[in-house]
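**Student:** Let me give you the structure first, and then I'll get to my questions.
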Amino acid sequence: MEGGGRPQRELRVLTFADLHLDRSVPWSTRETGRTMRAAQQVAFDAICAIAAAEADVLISAGDLYDYDRHHPDTGELLRGGFERLAPMPVLLLPGESDPIDGLSLYEHVKWSANVTVLRTSEPTSWRPLPGLTVWAAADAAALAGVAAEPGAFNLGVVRGGAGGSEPPGAASARPGGLQHVVAAWSHHPSDGLRETCPGAAYPVDPEDPPGGVVVLNILEVGSVDVTRREIGTYAPTRPPRRFTTDELAAYDLAAIGQEQTVRGEFVRTLLTPEESPVHLRRLALLSGLRALDGTAPEGHPTR
C-alpha cells in the first residue's frame, strides 16, 4: 500500500476500439476522405503516445482498420506504431470491419515480437505480464465457461454485440471468475458493474460522441479504476444536401394545388406571382414538399 492507505498501482491496460482507419462515409467527397484519413492517423499516433506514457499493455478490441478500403500504407503505419511501443505487449482483436482471413493486414503485416493477433473465435488466454491474464473472444457469451487463472487478475476482452444495455453474455461471464470485461459492443462508451465499453476511438456517425480510449488501472487489491481519455476526434458533420429544381418533376404541382391540405395551400401560395425570383420559389417548393411528404397517414391529408 502507498502512503495514506491508497492501494498501489500494479499495472495499467489501455484499451480502444473502432479506430476505423481508412473508413469513409457515403456522403464524403474526395477531399473529405483525405481529411478523415489524416485525422484517423493522428488519432492512432495519439493512442500510441498515451500508451507509451501511461500504460503497460495495449489492447485493440476490433475495427482497427477498414478491410475493404484500407490504403497500401496502412499496414506499415500500424506495424511501425506498435513496434515503437516495444517491449510493451500489444493484443489485436479482429472485428466486423477488419475480419481475419488470408487477405487481411493481420495476416500479411510482419508484426514485431511484442504484437499478438487473436486468430480464433474461441476463448484464448494471453499472459502479457506476470499477474495479468487476458481472456479474448469474439463474443462475451463465450467467456462464460473459462476457468480463471488463480493468483492473477483475469480480464476479458470481447467484441460483444449490438444493442441492449450491456454486451450480450457479459453478465454470464462474470461467474467464471473474470474480474472485469472490456466489451467493444457500441460506439457509445458505457460503464457497468465490472464491465467497460470503450466506445469508438474515431466516431464515424454524426450521432457518435467524441472519440477516446480507456485506461484500466489494476490495483493490487484486485479492483480497477477506469479512466477515459479523449483523443481529439469528433463525429463528422454531414453536409446539407443541395437540391436542384429538376427534382420537382416528381410532383404534380397542378394536382397538389387543388388539394384542401397544408401542402396544397403551400403550393398555391408559392405559385402566386410575386417579386421573388422563379428559381428561388421552385427551390422553396421542393424543400417544403420534401418536408411534408409522409407527414399524415394514408387517407388522412395533412391540414
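**Student:** Within region 261-276, can one find any residue that is at pLDDT below 70 and within 30 Å of Asp205 (Cα to Cα)?
**Tutor:** No: region 261-276 contains no residue that is at pLDDT below 70 and within 30 Å of Asp205 (Cα to Cα).
**Student:** Still on this structure, I have one more. Mind checking whether some residue in region 125-135 is modelled with pLDDT under 90 and assigned by TED's automatic domain parsing to the domain that holds Val57?
**Tutor:** There is no residue in region 125-135 that is modelled with pLDDT under 90 and assigned by TED's automatic domain parsing to the domain that holds Val57.
**Student:** Shifting gears a bit: Can you tell me which residues in region 77-101 are small (Gly, Ala, Ser) and either touching a Cys at 6+ places or on another chain (Cβ under 6 Å) or within 27 Å of Pro130 (Cβ to Cβ) (or both)?
**Tutor:** Gly81, Ala86
**Student:** Residues that are within 30 Å of Pro130 (Cα to Cα), touching a residue at least 12 places away in the same chain (Cβ under 8 Å) and assigned by TED's automatic domain parsing to the domain that holds Ser125: does region 25-35 have at least one?
**Tutor:** The answer is no, given that none of the residues of region 25-35 is within 30 Å of Pro130 (Cα to Cα), touching a residue at least 12 places away in the same chain (Cβ under 8 Å) and assigned by TED's automatic domain parsing to the domain that holds Ser125.
**Student:** Name every residue in region 247-269 that is in contact (Cβ under 8 Å) with a residue 12 or more places away in the chain, surrounded by 14 or more Cβ atoms within 10 Å (Cβ to Cβ) and charged (D, E, K, R), in order of residue number.
**Tutor:** Residues satisfying the conditions are Glu259, Arg263.
**Student:** Does Pro210 satisfy the condition of being modelled with pLDDT of 90 or more, assigned by TED's automatic domain parsing to the domain that holds Phe153 and in a loop (DSSP other than H, G, I, E, B)?
**Tutor:** Criteria met by Pro210.
**Student:** So, one more: If you take the residues of region 11-43 that are among the aliphatic types (A, V, I, L, M), under 17 Å from Glu230 (Cβ atoms) and not in a loop (DSSP other than H, G, I, E, B), which of them is nearest to the chain's Cα centre (by Cα)?
**Tutor:** The qualifying residue nearest to the chain's Cα centre (by Cα) is Ala43.
**Student:** Do you know which residues across region 190-240 are surrounded by fewer than 19 Cβ atoms within 10 Å (Cβ to Cβ) and touching a Pro at 6+ places or on another chain (Cβ under 6 Å)?
**Tutor:** Selection gives Leu219, Glu220, Val221, Glu230, Tyr234, Ala235, Arg238.
**Student:** Any idea which of (1) out of contact with any Ser or Thr (no Cβ under 6 Å at 6 or more places or on another chain); (2) part of a loop (DSSP other than H, G, I, E, B) is the one Leu58 doesn't satisfy?
**Tutor:** (2)
The values are calculated or read from the model by the stated rules, or taken from the named source; none is laboratory data. Here the structure is a predicted model, which means the values were calculated and not measured. In this analysis, Cβ positions are derived from the backbone assuming ideal geometry, glycine residues included, and neighbour counts consider all displayed protein chains.
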